[in-house]
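Questions regarding the structure given below will be posed in turn.
The values are calculated or read from the model by the stated rules, or taken from the named source; none is laboratory data. Values in this document were obtained by computation on a predicted structure and should not be read as measured data. Positions of Cβ are backbone-derived with ideal geometry, glycine not excepted, and every protein chain shown enters the neighbour counts.
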Amino acid sequence: MPRTATVERSTKETNVAVSVNLDGRGEHRLATGVGFFDHMLSHLAVHGLLDLHVQATGDLEVDAHHVVEDVGIALGQALRQAAGDKAGMVRYGAGMCPMDEALVVVALDFGGRAHLEYAVEPPAERTGQFDTVLAREFLAALAANAGLALHLRQESGLNSHHILESAFKSLGRALDQATALDPRRATPPSTKGMLV
């Protein structure tokens, strides 16, 4: 059974459509109007072997906050739908991908209980036209809507672009691990027999 989902979200501020395939090859089509954000999403897809299509428009004349957050909401909902009841899924994942001097470690539990620990501090307020604080907003929305306990910890880094690139690549690797299917397991990975 294909583990795919499409979510559309429309508000007075944004219009977002997200499609995911958990068993993909990292193919992606990304158009949010925020170049650096598209760049980060491409790392998430490629290193997570996640087929990801994102089309988003919004009030970029204000700033990118609403678009970035709403993509996080829609992507989180799509990941949760695609995972279904999580039968046979590994559930936990971790990743650490160095980007030159920068290293961000990511660990997550796709167990249904949302939480974000974000110990990442890019030194610059902006990279390109992207406010670096929006990375946290995206990840908070993603964790809340996917049901992830998501932990990110910066081990090193001087360049904000490199730090965020390491974070998104590491998140991709962690998601790929967590959503992988273990042929030894036929039920959801919990002693309760189910996951939220």
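Can you pull out the residues in segment 171-184 that are in a helix (DSSP H, G or I) and more than 10 Å from the chain's Cα centre (by Cα)? Write out each step before concluding.
Quick first cut of segment 171-184, residues in a helix (DSSP H, G or I) only: 171-179.
Within segment 171-184, Arg173, Asp176, Gln177, Ala178, Thr179 meet the criteria.
Give the residues of segment 117-156 that are buried (at least 20 other Cβ atoms within 10 Å of the Cβ) and assigned to a strand (DSSP E or B), sorted by residue number.
Of everything in segment 117-156, those that are buried (at least 20 other Cβ atoms within 10 Å of the Cβ) and assigned to a strand (DSSP E or B) turn out to be Thr127, Phe130, Leu150, Leu152.
Could you check Gly33 against (1) under 21 Å from Leu152 (Cβ atoms); (2) part of a loop (DSSP other than H, G, I, E, B) and say which number it fails?
Status for Gly33: all satisfied but (1).
Name the residues in segment 157-170 that are more than 22 Å from Arg80 (Cβ to Cβ), of a type in the set (A, V, I, L, M) and either surrounded by 24 or more Cβ atoms within 10 Å (Cβ to Cβ) or under 12 Å from the mean Cα position of the chain (by Cα) (or both), would you?
Ile163, Leu164
Is one or more of the residues making up segment 80-94 outside any helix (DSSP H, G or I), out of contact with any helix residue (DSSP H, G or I) (no Cβ under 7 Å at 6 or more places or on another chain) and farther than 28 Å from Asn21 by Cβ? Reasoning before the result, please.
So the first thing to find is which residues in segment 80-94 are outside any helix (DSSP H, G or I), and the list is 84-94.
Of the ones still in play, those that are also out of contact with any helix residue (DSSP H, G or I) (no Cβ under 7 Å at 6 or more places or on another chain) are 84-88.
Subset that is farther than 28 Å from Asn21 by Cβ: none.
Among the residues of segment 80-94, not one is outside any helix (DSSP H, G or I), out of contact with any helix residue (DSSP H, G or I) (no Cβ under 7 Å at 6 or more places or on another chain) and farther than 28 Å from Asn21 by Cβ, which makes the answer no.
Then there's this: Can you confirm whether segment 9-31 contains a residue that is charged (D, E, K, R), under 18 Å from Ala146 (Cα atoms) and either at pLDDT 95 or above or within 12 Å of the chain's Cα centre (by Cα) (or both)? Talk me through it step by step, then tell me what you get.
If we filter segment 9-31 for residues that are charged (D, E, K, R), which is where we start, we get 9, 12-13, 23, 25, 27, 29.
Within this subset, residues satisfying the condition of being under 18 Å from Ala146 (Cα atoms) are 9, 23.
Remaining after also requiring either at pLDDT 95 or above or within 12 Å of the chain's Cα centre (by Cα) (or both): 9, 23.
Yes, the conditions are met somewhere in segment 9-31.
Would you pick out the residues in segment 107-116 that are part of a loop (DSSP other than H, G, I, E, B) and under 14 Å from the mean Cα position of the chain (by Cα)?
Taking segment 107-116 as the starting set, the residues that turn out to be part of a loop (DSSP other than H, G, I, E, B) are 110-114.
The answer is Phe110, Ala114.
Inspect all residues belonging to segment 94-106 and state whether any of them is surrounded by fewer than 19 Cβ atoms within 10 Å (Cβ to Cβ) and modelled with pLDDT under 95.
Within segment 94-106, not a single residue is surrounded by fewer than 19 Cβ atoms within 10 Å (Cβ to Cβ) and modelled with pLDDT under 95.
Follow-up. List pairs: first residue in segment 167-183 and touching a residue at least 24 places away in the same chain (Cβ under 8 Å), second residue assigned to a strand (DSSP E or B) and among the hydroxyl-bearing types (Ser, Thr, Tyr) anywhere in the structure, Cβ distance under 7 angstrom, at least six positions apart or on different chains.
Cβ pairs passing all conditions: Ala178/Tyr92.
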